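Encoded as structure tokens, the structure appears first; notes follow it.
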Amino acid sequence: MSNIQSTERPHTEAPIEGKDPIVRFKNISKSFGDLQVLNGVDFDLYPGERVAIIGPSGSGKTTMARLLMTLEEPTDGFIEVDGRQLWHKEVNGNFKKADEKHLHEVRGDIGMVFQHFHLFPHMTVLKNLMEAPIKVKGMSKAKAREEALAMLEKVGMAGFADQYPARLSGGQQQRVAIARALVMHPKVMLFDEPTSALDPETVGEVLEVIKEIAKDREMAMLLITHEMSFARDIADRIAFFDEGKIQEEGPPSQLLNEPKTERLGEFLHRFGIDGKGHNV
Amino acid sequence: MSNIQSTERPHTEAPIEGKDPIVRFKNISKSFGDLQVLNGVDFDLYPGERVAIIGPSGSGKTTMARLLMTLEEPTDGFIEVDGRQLWHKEVNGNFKKADEKHLHEVRGDIGMVFQHFHLFPHMTVLKNLMEAPIKVKGMSKAKAREEALAMLEKVGMAGFADQYPARLSGGQQQRVAIARALVMHPKVMLFDEPTSALDPETVGEVLEVIKEIAKDREMAMLLITHEMSFARDIADRIAFFDEGKIQEEGPPSQLLNEPKTERLGEFLHRFGIDGKGHNV
Amino acid sequence: GRLQFFSSGESALQEAKDQKSVVIGFANEKPYAYQEDGKVTGEAVEIAKKIFKNQGITNIKPVLTDFGSLIPGLKAGRFDVITAGMYITPERCKQVAFANPEYNIGEGLAVQKGNPKDIHSYKDVANQPDTTIAVMKGAIEESYMKDSGVKENQIKFVADQPTAVALLNSGRVDGVTMTGPSLLAILQSAKAKNVSVVEDFKQPIIDGKEIKGIGAAAFRPEDKDFVKIYNDGLAQMKESGELYDTIHPFGFTKKDLPGDETAEEICKQ
Amino acid sequence: MILIEVHLEILKNLLPGAVPTIQLTILGAMLAFVLSFMGGLGRLSRFAVVRGLAGFIVEFFRGTSLLVQLFWLFYVLPFMGIRLESGMVGLLALGLNYGAYGSEVVRSAVLSVPKGQHEAGIALNMTAFQRMRYIIIPQAFRTMIPSFGNLLIELLKGTALVSLVTIPEMTFEALVMRTSDAAHTLEIFTWLLLIYFAIAYPLTMLMRWVERRYSLGRL
Amino acid sequence: MIWDWQYAFEILPRLLKVAHVTITATLGAFVVAMILGLVLAFARRSTNRLLSGVTYFVVEFIRSTPPFVQLFFLFFVMPQFGITMGALMTGILGLGIHYSTFLSEVYRAGIDSVDKGQWEAATALNFTSRQKWVHIILPQAIRPIIPVMGNYLITLFKETPMLLGITVVEMLSQAQIIGSQSFRYTEPITMVGIFFLILSYGASLLVKRIELRMDINRR
Ligand SMILES: Nc1ncnc2c1ncn2[C@@H]1O[C@H](COP(=O)(O)OP(=O)(O)OP(=O)(O)O)[C@@H](O)[C@H]1O
Ligand SMILES: Nc1ncnc2c1ncn2[C@@H]1O[C@H](COP(=O)(O)OP(=O)(O)OP(=O)(O)O)[C@@H](O)[C@H]1O
Ligand SMILES: [Mg+2]
Ligand SMILES: [Mg+2]
């Protein structure tokens, strides 16, 4: 949100000193035909930062992530990743639409876990994790295997390395999907409801994995979620998304306890959070 | 919140007077090849009752619902629906495997909302809701349309009646899936993580719909969920599922506040519920 | 059964002599040219073999194809000569260079046993509009019949001779017509029970003249030298009586031997 | 006893004809397989020129009949100074014709892979080629197999047409034999059916095996 | 000279006169093939072992053997058992039956490509088996196989010349007959080729449109 802007770091209430944002949305709009889904989104994400996006169903949270993952093209505005234009390419001072080669380069910094997982059904769990490191990053087979197994271990799926995805339960698939994205070690990870299919116990474990990796690698994270407790637990900052815009953002304690906008207050109220951030 | 239950409606420990269970699992087992997923499940569900099933990922919750929905055949044991054998047919005092005709009859009492929604992609949202009432129940087109629209209204999806499912956001799809199952007015509804893709606000609304319909129709519900607050809110009884069995069951207040088994205690602890049923 | 994928190109009399081999094209039609037990034989083939042998061309490479492909195949250089007992007609003369006649025969007609429709000529067919006759696709008899007044819808085209006989035998047509020797040969091979030959068939009369089928080998128009040596060889055979000895085993009689007309003269008629 | 002789005689004539039939089937299938992918993926290309060209070629070879193609390659092309031998003509015509059909199979199968799979590939930063090669085609391939099986059998039977270009394959041998021995047409044709079936059945089995192999991971 | 325009225009009316035979035979056979193909696909999926086994064998045999021989049996041998049909009718049935075996394979692939969740959702709504097929599965199974079905429509166009074997003269046979009268084959055969191309390109445009229409809003 941007009603209180510090001059040094225009965004988060507690700016990160001396760092440039790793992701920057500038006045991003997106329409599907007549339907305007995003309507001038401004948003910054800093290295190592964990931001949770909350907001009503259909408000455009997934769409925002898809734009960053280059799955959908913005109708208007700019996205920067690590200082480089994502959807545009500068040629002699003019901005041209980015070509596939440019996208491929910039996209390397970003990873995503999908709401519907999209595991590769024709590969075993292990192969699902090894394919991209080998093919995209040119890692050796042995190394990729080792890393994949270690990551499966972390998400509690080591016992399923040789299974095919169709045989897994919802939560098991989700954990594999998370592991598959993590082994690529992107600078920015997008999670679209990463724990919706997980039981609280597993959520806790997966969370640990994510946190640990985030710490190790200075990985920034964008988490779309409906679970306030999850958001509160993991996020440095929460952004409330509604009507195609970020309506309000701030540290969890502030945003959840003292919502500034009426809309957020309503939203939180339905969830059953009182002014103190406790369930009522 | 609802950790203090009214005593008006007794539970399994104290069976509902004068009523026979609408669903009864008797010593149900299920294996996939070598993997034993269910291991002697005994479970009763009474008319109008709302039971939440919780438990770790991969423990067999979905499998249990699928057996009842006749999507998977039990390896051993009996399931009764409204006094009738589901997977078996009595012929001259002997039990034979049920044929499709028998399944079709008994199945009419049961409805299910899938974790992955499984909307029919070749039909509009409205058609998705109208198809079964017309084709299966022989309802008139006009009536089916009216009911479908009313139901869409209730789940907040009336504006999307003429859209195709692929265009909807995750939460929108889930609401349509819930509506599609509800228009059939089954005696027993199975929800497999029915709110995993919904934001809390919409969860609240959908919950109201479900509750209302449940009250109207004496519809029994089996809710598989990972959201304890949801379980606590809606359920008359919670069953904790682990290692292929129901380990413990009871009213939310009791089960969440004073878990009897160590396993459940652990499970709840990870979720961050203290002995008093509060988030920590 | 081996497949060939590439060729050297070029063809002519000289090449044939150099290589001592010639490629002949024919359609499977008894008794003119046909394959039996893996060997190629027939009156036209046997004549060609003898003539070529006298020229030192001993290696005969047969190429079997369907009748309709004979002339396109010759022109595309797929073979050097057509030895299929092909009739000389003015139309064909525009496309190919015929050698001199090898035989001179009439048409034949077969009908159901006992000749229930009482057909003895193409005119009889024309007079009974419900009569149908099977003809090989691309064969000369089609135009004979049309010139005799037979309607298009009375003609049933078939792909080959056996099919024609099978049609007649199963009562789906009332008659089958093809050249006399062909008809005899195919009936003999088919052993069809319900079929008999019209012994007193009246040859069609077109433009006031009784039709005669005059068959000959055919070359590409540019291969004049080839035609010449072929004609010389044929003349020799005729004189020595070898021609009769060659075609007789295939059911041809003395009266089927060609006259003195040359191909050139026939083309002009 | 006479009967056995008849059958032996038939086989003696038909079996040599089976050799070019089998040769052309195998070589033609290999060519068609390669062309199927070139054509099918070409029609899905990002580049309009490639799409247009592939579309034109596919429609052309699919739309004109094999017979007409054989005729042109064999009887007309020599007038333009290109003389291909009969085996080459047969192989080319079969490959191009069935390759054109196959490209539609490839195209539709590729399109049937869920969009989410493409997206997952993008999210892992695979290149367009890598997505095709490792994610999409392996999944699409499973869908293609039954149709490829069909095409293989059709190609086998399509070889019967190459007699037009003077290749004495099996069907032609049967027809030739029928001329000299029309009385045994029924026997000749029955044997023809049986031999075709005997060639086709192993091919069908092979395709089923491939299908099972590529069904791993499916429930 | 390889092309003579005057001659081409002269023979055009004669070719067009039999165009309706080509079209009737193609469309008739395609309808037979589509319907019978579906019946065969179901019979093969039947839980009745005998039915599915017999169907399997019959499908494999008909599919693997040349249709012109099958037509021969229908036309010349069946009458001996008292079943006599007109030539065109025999042709439509014969080609229809032959290609139904191919379409049954195509249907199988389409049905297999429908997501398992769709079956389960339909079961959960308690549709009968028939309703599941008609309203849920088939509409989704047909979409990905439309291009391949288009292939078969076009194939049938081009297989109609085979009907000469049972005395049906369609365009290509007519072209050859015309050719045999004047000994100029290039023009008639090429014109038929172009005519086929127009028909099959028309068919393929139609198929594309259907494909697009069915695809809309899906992915
Ligand atoms: N391809 C598309 N074509 C048309 N409309 C679309 C498309 N994708 C998304 N939409 C619409 O855009 C809006 C936002 O969708 P989005 O998936 O971003 O919502 P969301 O915030 O992720 O919701 P949820 O929490 O339910 O997942 C929805 O109304 C949806 O119907
Ligand atoms: N068709 C199948 N074949 C083999 N194994 C299966 C199959 N379906 C499920 N399983 C296995 O059965 C176990 C239970 O699966 P189930 O889907 O019932 O779990 P769940 O309790 O619903 O988990 P979640 O909370 O993650 O959805 C898992 O270990 C899974 O791998
Ligand atoms: Mg979403
Ligand atoms: Mg589950």
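The values are calculated or read from the model by the stated rules, or taken from the named source; none is laboratory data. Here the structure is a predicted model, which is why all the values come from computation and not from measurement. Cβ: placed from backbone, ideal geometry, glycine included. Neighbour counts: every protein chain shown. SASA here: full protein model, heavy atoms, side chains in, ligands and nucleic acids out. Shrake-Rupley method; radii C 1.70, N 1.55, O 1.52, S 1.80 Å.
Cross-link partners of D:Lys12 among lysines, defined as those whose alpha carbon lies under 20 angstrom from its own and excluding same-chain residues fewer than eight positions apart: C:Lys39.
Using alpha carbon coordinates only, what is the Rg to Rh ratio of segment A:95-162, with Rh defined as the Kirkwood radius? Value, to two decimals: 1.06. Mean separation of Cα pairs under 8 Å and 6 or more residues apart, divided by the residue count, gives chain C a relative contact order of 28 percent. Chain A against chain D buries an accessible area of about 2200 Å², both chains summed, 1.4 Å probe radius. Residues of segment B:158-174 buried by at least 50 Å² of accessible area upon assembly of all protein chains, compared with the chain on its own (1.4 Å probe): B:Tyr164.
Just the protein heavy atoms count here, and of the accessible area of segment D:1-160 at 1.4 Å, carbon and sulfur take up 78 percent. Rolling a 1.4 Å probe over the protein heavy atoms leaves E:Val32 with an accessible area of roughly 40 Å².
Derived value for the protein assembly as shown: Kirkwood hydrodynamic radius 35.8 Å. Basis is the mean of 1/r over every pair of different alpha-carbon atoms.
Given the peptides C:172-183, C:95-106, D:5-16, arrange them by the average over their residues of other C-beta atoms within 10 Å, most packed first.
Working: C:172-183: 24.7, C:95-106: 22.6, D:5-16: 15.2.
Output ranking for C:172-183, C:95-106, D:5-16: C:172-183, C:95-106, D:5-16.
Within a straight-line Cα-Cα reach of under 20 Å, A:Lys96 can be paired with the following aspartates and glutamates, leaving aside sequence neighbours fewer than 8 residues apart in one chain: A:Glu72, A:Glu73, A:Asp76, A:Glu80, A:Asp82, A:Glu105.
Please average, across the residues of C:27-39, the number of beta carbons from any other chain that are within 10 Å of each residue's own beta carbon, and give a whole number.
Numbers: counts 2, 7, 1, 3, 0, 0, 0, 3, 8, 6, 5, 4, 0.
Taking all residues of C:27-39 together, the mean is 3.
Could you tell me how many degrees, from 0 to 90 and to the nearest 10, lie between the Cα long axis of helix D:86-111 and the main elongation axis, the longest principal axis, of the Cα atoms of chain D? The angle comes out at about 40 degrees.
Using a probe of 1.4 angstrom, how much of the accessible area of chain A is carbon and sulfur, in percent? Please report the intermediate quantities before stating the final value.
Values: 5190 of 11120 Å².
Whole-percent figure for carbon plus sulfur exposure: 47.
Relative intensity of chain A on a log10 scale, I(q)/I(0) at q = 0.07, 0.13 Å⁻¹, equals -0.26, -0.91, per a Debye sum over C-alpha point scatterers of equal strength in the absence of solvent.
Given the DSSP H assignment, sum -39500 (n - 2.57) over each helix run of at least 4 residues in the protein assembly as shown and divide by its residue total; what's the result at 222 nm in deg cm²/dmol, nearest 500? Could you put the intermediate results ahead of the total?
On the way: 46 runs with 604 residues, N = 1267.
-15000 deg cm²/dmol, from helical runs alone.
The fraction of accessible area contributed by carbon and sulfur in chain C is 49 percent, rounded to a whole number (1.4 Å probe; ligands and nucleic acids excluded). Excluding ligands, DNA and RNA and using a 1.4 Å probe, chains D and C jointly bury around 2800 Å² of accessible surface, summed across both partners. In segment D:86-110, the residues whose accessible area drops by at least 50 square angstrom when the other protein chains are added to the isolated chain are D:Met88, D:Tyr101, D:Arg107, D:Ser108; the probe is 1.4 Å and only protein heavy atoms count.
Considering Cα pairs under 8 angstrom that are at least six residues apart, work out the relative contact order of chain B and quote it in whole percent. Worked out over chain B, it gives 25 percent.
Mean sequence separation of contacting Cα pairs (under 8 Å, at least six apart), scaled by the length of segment B:117-185, corresponds to a relative contact order of 46 percent. Peptide E:129-138 shows a mean partner chain C-beta count of 3 within 10 Å per residue C-beta.
Across peptide A:112-125, what mean number of C-beta atoms from other chains lies inside 10 Å of a residue's C-beta?
Numbers: counts 5, 2, 5, 7, 9, 3, 10, 4, 10, 10, 14, 6, 2, 0.
Other-chain Cβ atoms within 10 Å of each residue's Cβ, averaged: 6.
Kindly point out which whole DSSP H helices in chain E project their C-alpha atoms 30 angstrom or further along the helix axis while averaging a Kyte-Doolittle hydropathy of 1.0 or above. Don't jump to the answer; show the numbers that get you there.
Details: long enough: E:19-45 (39 Å, 1.64); E:87-112 (37 Å, 0.74); E:186-215 (42 Å, 0.88).
Flagged H segments are E:19-45.
Helices meeting the span-like rule in chain C (full DSSP H runs, Cα extent of at least 20 Å along the helix axis, mean Kyte-Doolittle score of 1.0 or higher) are absent. Expressed as a fraction of 2.2 N^0.38 Å, the value expected for a compact globular protein of N residues, the C-alpha radius of gyration of segment D:2-215 is 1.22.
Find the sum over both chains of the accessible area lost when E and D are paired, probe 1.4 Å, and report it in Å² to the nearest 100.
4500
Rg and Dmax of segment D:107-219, based on Cα coordinates, read 21.3, 70 Å.
A cut-off of 5 Å between modelled amide H atoms, ignoring neighbours fewer than 5 places along the same chain, links A:Ala98 with A:His88, A:Lys89. Of B:Glu218, B:Glu262, B:Glu205, the residue with the greatest mean-square motion in the GNM of chain B, using alpha carbon springs below 10 Å, is B:Glu262.
For segment E:1-66, what is the convex hull volume of the alpha-carbon atoms per residue, in Å³?
Working: hull volume 7.3 nm³, N = 66.
Value for segment E:1-66: 111 Å³ per residue.
Which helices of chain A meet both criteria: a Cα extent of 27 Å or more along the helical axis and a mean Kyte-Doolittle score no lower than 0.0, with helices taken as whole DSSP H segments?
none
In chain B, taking the dipole from charged Cβ atoms about the Cα centre, the farthest positive-side position among B:Thr195, B:Ile210, B:Met157 is held by B:Met157.
Strictly over 19 Å apart at the Cα level, which of C:Lys49/C:Lys238; A:Lys30/A:Lys97; C:Lys156/E:Lys17; C:Lys53/C:Lys94; C:Lys146/C:Lys212 would you flag in this model? Before the final figure, lay out each step's value.
Working: C:Lys49/C:Lys238 15 Å; A:Lys30/A:Lys97 16 Å; C:Lys156/E:Lys17 16 Å; C:Lys53/C:Lys94 29 Å; C:Lys146/C:Lys212 16 Å.
Exceeds cut-off: C:Lys53/C:Lys94.
Could you check how many percent of all C-alpha pairs in segment E:1-130 are farther apart than 27 Å? Of all Cα-Cα distances in segment E:1-130, 42 percent exceed 27 Å. Our Cα-only numbers for segment E:5-218 put the radius of gyration and Dmax at 20.4, 69 Å. Per residue, segment A:117-185 exposes 38 Å² of accessible surface when a 1.4 Å probe is rolled over the protein heavy atoms with every protein chain present.
Secondary structure note: in the protein assembly as shown, about 60% of the DSSP beta bridges are antiparallel.
With N set to the residue count of segment C:61-192, report its C-alpha Rg divided by 2.2 N^0.38 Å to two decimal places.
Expressed relative to 2.2 N^0.38 Å, the Cα Rg reads 1.12.
For the cross-link pairs A:Lys137/E:Lys208; A:Lys89/A:Lys143; A:Lys61/B:Lys245; C:Lys30/C:Lys61; B:Lys187/B:Lys245; A:Lys211/B:Lys245, the ones whose C-alpha atoms lie over 29 Å apart are A:Lys137/E:Lys208; A:Lys89/A:Lys143; A:Lys61/B:Lys245; A:Lys211/B:Lys245.
Just to confirm, what accessible area per residue do you get for chain E at 1.4 Å probe, in whole Å²? Mind showing how you got there, number by number?
On the way: 8570 Å² over 219 residues.
Dividing the accessible area of chain E by its residue count gives 39 Å².
Stokes-Einstein diffusion of segment C:113-269 at 4 °C, 1.567 mPa s viscosity, Kirkwood radius from Cα pairs, rounded to a whole number: 73 µm²/s.
Per residue, the solvent-accessible area of chain C (1.4 Å probe, heavy atoms of protein chains only, all protein chains present) comes to 43 Å².
Two decimals, Cα atoms only, Kirkwood Rh: what is Rg/Rh over chain C?
Working: Rg = 18.9 Å, Rh = 19.3 Å.
Rg/Rh for chain C comes to 0.98.
Taking 16 Å as the straight-line reach from the Cα of E:Lys158, the lysines in range (excluding those fewer than 8 positions away in the same chain) are D:Lys157.
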